[in-house]
Every structure is written in structure tokens, then in C-alpha cells.
1. Consider Y74 carefully, then state whether it is outside any loop (DSSP other than H, G, I, E, B) and in contact with an Asp or Glu (Cβ under 6 Å, 6 or more places away or on another chain).
2. With respect to the numbered conditions (1) at pLDDT 95 or above; (2) open to solvent by 40 Å² or more (accessible area, probe 1.4 Å); (3) in contact with an Asp or Glu (Cβ under 8 Å, 6 or more places away or on another chain), which one is the sole condition not fulfilled by V55?
3. List the strands (runs of 3 or more DSSP E) that sit entirely inside the stretch 77-120 and contain at least 2 residues that are on the phi < 0 side of the Ramachandran plot and modelled with pLDDT under 90.
4. List pairs: first residue in the stretch 2-23 and more than 12 Å from D37 (Cα to Cα) and at pLDDT 95 or above, second residue open to solvent by less than 40 Å² (accessible area, probe 1.4 Å) and assigned to a loop (DSSP other than H, G, I, E, B) anywhere in the structure, Cβ distance under 6 angstrom, at least six positions apart or on different chains.
5. Select from the stretch 177-211 the residues that are at pLDDT 60 or above, open to solvent by 70 Å² or more (accessible area, probe 1.4 Å) and in a loop (DSSP other than H, G, I, E, B) and list them in ascending order.
6. Mind checking which residues of the stretch 143-176 are within 18 Å of the chain's Cα centre (by Cα), part of a strand (DSSP E or B) and modelled with pLDDT under 85?
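The values are calculated or read from the model by the stated rules, or taken from the named source; none is laboratory data. Everything quoted here is computed from the prediction, not taken from an experiment. When we count neighbours, we look across all protein chains shown, and the Cβ atoms used for this are built from the backbone with ideal geometry, even at glycine. For accessibility, only protein heavy atoms count, side chains too; no ligands or nucleic acids. Shrake-Rupley method; radii C 1.70, N 1.55, O 1.52, S 1.80 Å.
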Amino acid sequence: AMAMDAAGTLHVVWRDVTDGQLYYRRRNPAGTWSAIDALSLAAAGKFVDKPNIIVAPNGSVHIVAWNATDVHVYWAYSTDGSATWTVNPSTITGGASSMPKLGIDADSFNHLHLVFIRSTNKGGYVKATFTAPGTWVWGAVDTASLNDATMLTQGNCEVVVQPDDDVIAVWEALFSGTTGIRLRWARRPSGTPVASMRYHLGCTVSFLARN
């Protein structure tokens, strides 16, 4: 996964298949690569997967990944241009599925917004409130707003915060009686509670099944 900051520095995170751990590197606008940082988001012998990375408006870098140790989402961040990292300051519980990717973005207030697919194959949405420099507090996972009783499973998901700070989530969904995958979406207006994220039943894009 990759993200670009306002200064033009490229931030890259990946999983090494040999040890199952995450590694990070950055490339400045002049084309110079930094040393590789190892980010241990899982216990020895375990692995993490599906990493995603963003740079918040205040320049802080955030990485999330699924942790096979306890099937939760783990988080690492840096507030000094990725010179140092805070790893596993909190765990986002909810039983994340090992299959789909995680979606994360930040709003203009530096609050973080995360969507992921739980082990029940249903969606979860959670917000981390920026309370002070270097401090974010994760709330409870909203397990209702991204779900529909008719869904069988959900797949890859993504979240984006619009310029007006509305939060938009999209994800793949499989329904009973269908052979294709449908793209569904939800929206939470800026400044409203987390539970205000609302699933849009009437807006479905159907895709034919592909190999």
C-alpha cells in the first residue's frame, strides 16, 4: 500500500511473505529512499496481512493491518515524519476477517475513519478521535450501519473522507440468489455521530462474476 504526503514524500508499507511482518519505507521528492523499518504488529510466528496506509492532514502517518494472532485490526502511527513509530497503542476489536482489505482515511480534523469486514463477513465502521498532538482515541465498532440482513458476505472495502468531511464507505457484497458481486455504499454526514453512517439500499451497482 502507498500514500503521498503534502510535501511529495511517498510512504510505502508491505508484508514480507518470509516472516509475515510489515515493513515500511519512504521516498522523498528527490528520489532518495529511506532505510527499511520493521513494524512488528504480530507476535513471533504469527503474521499480519492486508496493510493500508494514509497520511493525515497534520502529517501523521497511519498504518492498519489484520493480525492473525487474535483476528483484530492493529494500528501503528508516526507523528514525526516516520522517523519513529508507535506500534499497537490500541487494538480495534471486532474480529476482522482475513480476506478483504481494510479502508482508512482521515478528515480535516485529523480524526481517523476505518472500515473493515469482521469475521462474521459483515462490515464494521469505527472512528478514532484526534484529542491532542500524538493522541487518538478509538471508539466502539459500529456493527450495524454497514449491514443488511439479506447479505450473505461482504468483501473488499474502502473509505474516503470528502472535502466537506462527509465519510463515504464502499464495499463488495454477495446476496442470496445472485451470482455476481454488487457494490454497496454508505454515508455519514460531517459532524454527526458514528451511528449516523447510513447504508443506501437503493444504490446498487451490479457486476458480472469474473474469474
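1. Values: outside any loop (DSSP other than H, G, I, E, B): yes; in contact with an Asp or Glu (Cβ under 6 Å, 6 or more places away or on another chain): no.
The answer is no for Y74.
2. Single failed check for V55: (2).
3. 86-92, 112-117
4. As it stands, the answer is none, since no pair meets every condition given.
5. G191, P193
6. Of everything in the stretch 143-176, those that are within 18 Å of the chain's Cα centre (by Cα), part of a strand (DSSP E or B) and modelled with pLDDT under 85 turn out to be Q154, G155, N156, C157, V170, W171, E172, A173.
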